[in-house]
1. Out of 172, 132, 181, I need the residue that is within 23 Å of residue 55 (Cβ to Cβ) and exposed (fewer than 15 other Cβ atoms within 10 Å of the Cβ). Which one?
2. Just give me the residues in region 100-129 being loosely packed, with under 11 Cβ neighbours inside 10 Å and within 22 Å of residue 63 (Cα to Cα), in sequence order.
3. Which of the numbered conditions does residue 124 fail, given that it passes all the others? Conditions: (1) touching a strand residue (DSSP E or B) at 6+ places or on another chain (Cβ under 6 Å); (2) over 24 Å from residue 205 (Cβ atoms).
4. For residue 80, state whether it is over 18 Å from residue 253 (Cα atoms) and surrounded by 14 or more Cβ atoms within 10 Å (Cβ to Cβ).
5. Please determine, by comparing only the residues of region 199-243 that are within 17 Å of residue 48 (Cα to Cα) and modelled with pLDDT under 95, which one is surrounded by the fewest Cβ atoms within 10 Å (Cβ to Cβ).
6. Give the residues of region 158-168 that are over 17 Å from residue 212 (Cβ atoms) and at pLDDT 95 or above, sorted by residue number.
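The values are calculated or read from the model by the stated rules, or taken from the named source; none is laboratory data. All values reported here derive from a predicted model rather than from experimental measurement. Here Cβ is always computed from backbone atoms with ideal geometry, including for glycine, and neighbour counts include all displayed protein chains.
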């Protein structure tokens, strides 16, 4: 009887030891999994205000943004907007530098333009493929940026009507430092897809159209971000930027 009790005690001790080992394994495995999950970076969005400031820099005239490209494309198109013989199918290019220095902004950009004119069977120009590459920097009271941009456009309605119609894509990448709120620093890429941008042939200003926008990048803390937005051009020199259902009006010119 005594021997049986001893065996039972030994068995009980072994079972307890096994249970403890199993518990330690489960805890170790769970902790390891949690640690692995912690290695995955979180996708953290920047504030709406910072996102809008970056988008504004990619749009405005003073920062050599998208509306500056539209003016360049319209100026080129003006040369061919007559029913005369034109160098159809020939590609041209031009390089120039733009600098601004006033109480609102300091900016300097080098721009490279390239365009090709397309004609109908009568050799009358009907459309224009246009692209621009730009590189430089700007500083305003709200933001400082070092960036580069590129674009591809198709400009239609060269001869008919009072407005050019543009469709295309625009991309701008760089590093920015905000000078307001939390003064955040970030690297960003702004991608825009533009649809039916109507541009007055006289003033070369945008009258209507929309742009789907994605801004993505990384903050100075190492967090990645991605923000979707829409730009609605108003025709009065301004545009509405919509982010998460909230609207922000910006002056383009």
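1. Numbers: 172 fails: exposed (fewer than 15 other Cβ atoms within 10 Å of the Cβ); 132 fails: exposed (fewer than 15 other Cβ atoms within 10 Å of the Cβ).
It is 181.
2. First pass over region 100-129, keeping only residues loosely packed, with under 11 Cβ neighbours inside 10 Å: 101-104, 121-122.
Residues satisfying the conditions are 101, 102, 103, 104.
3. (1)
4. Numbers: over 18 Å from residue 253 (Cα atoms): yes; surrounded by 14 or more Cβ atoms within 10 Å (Cβ to Cβ): yes.
So residue 80 passes the test.
5. 220
6. Step one: list which residues in region 158-168 are over 17 Å from residue 212 (Cβ atoms), which gives 158-165.
If the condition is that a residue be over 17 Å from residue 212 (Cβ atoms) and at pLDDT 95 or above, then 162, 163, 164, 165 are the ones that fit.
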